[in-house]
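Right, one structure below, let's go through it.
The values are calculated or read from the model by the stated rules, or taken from the named source; none is laboratory data. Bear in mind that the values here come from a model prediction, so they are computed numbers and not experimental data. With ideal geometry, Cβ positions are generated from the backbone for all residues, glycine too; neighbour counts draw on all protein chains shown. Each accessible area value is taken on the protein alone, full model and side chains, heavy atoms only, with ligands, DNA and RNA left out. Shrake-Rupley method; radii C 1.70, N 1.55, O 1.52, S 1.80 Å.
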Amino acid sequence: MSSLGFESFTKKIYINASLEKLYWCWATQEGICSWFLREAVYMTKTGITRESDQNIEQGDLYTWRWHNWDGEEKGKILRANGRDLIEFTFAEFCRVTVDLKSEGNQVLVTLTQTNIPTDEKNKMNIYVGCSNGWTFWLANLKAYLEHGILLHETKKDLRDVPLATFQFVNI
């Protein structure tokens with residue numbers, strides 16, 4: 001077993017869905033907003049906004065906005081092969097890789113976040129925060145695809161609750 005450290009983490013989950021459906025969930029504005037985000041905007045290298053059902057491509061830029069958080073995440077798509085692999089910048093310093101492997105009637109989703117700075121602030125905010133966050137979001141994706149339900153809070157506004165992003169498990 002390789003050693004664990006604060007510079008990266010990996011989360012895995014099996015989901016009963018097709019590889020194509022899972023790629024759509026990650027690679028289109030329509031797909032990623034169906035289970036994860038309030039709003040996503042993808043722009044090509046030349047500054048053209050992608051259509052909601054159009055797959056992202058390497059070099060695209062993104063802006064993401066969540067329910068219950070006023071901030072936004074901006075980043076770049078580093079890899080998108082159109083089938084089973086997406087990699088993007090995240091949380092300023094990091095890289096997130098989403099690898100999809102078909103195994104019978106299931107797909108193994110493996111999400112790895114790397115390049116996490118290991119100072120105390122980033123250990124808490126990025127390592128702990130993102131590790132917990134991705135765990136929830138992968139479970140939400142499974143619930144959505146297998147049971148048609150969403151687990152994240154979209155009806156109650158929690159933006160003014162101090163520490164809401166650290167205390168609520170479904171933001």
Query raised in the report: Expressed in nm², what is the orientationally averaged projection area of the convex hull enclosing the Cα positions of the range 46-171?
Result: 9.2
Query - Those lysines that a straight Cα-Cα span of less than 23 Å connects to K11, excepting residues fewer than 8 apart in one chain - result: K21, K74, K76, K101, K121, K123, K142
Query - Simple label model, 7 Å out from Cα along Cβ direction - K123 to K21, nm - result: 4.1
**Report entry** Per residue accessible area in Å² of the chain, where ligands, DNA and RNA are left out and the probe is 1.4 Å
**Finding:** 55
Query raised in the report: How far apart, in nm, are two points set 7 Å out from the Cα along the Cα-to-Cβ line at T112 and at I48?
Result: 3.4
Report summary line: Diffing the range 96-103: the Karplus 3J(HN,Hα) column from phi (6.51, -1.76, 1.60, θ = phi - 60°), in whole Hz with x for Gly and Pro, holds 10, 10, 10, 10, 10, 10, 6, 9
Query raised in the report: How long is the range 5-111 along each principal axis, judged by its Cα atoms, biggest number first, in Å?
Result: 39, 36, 27
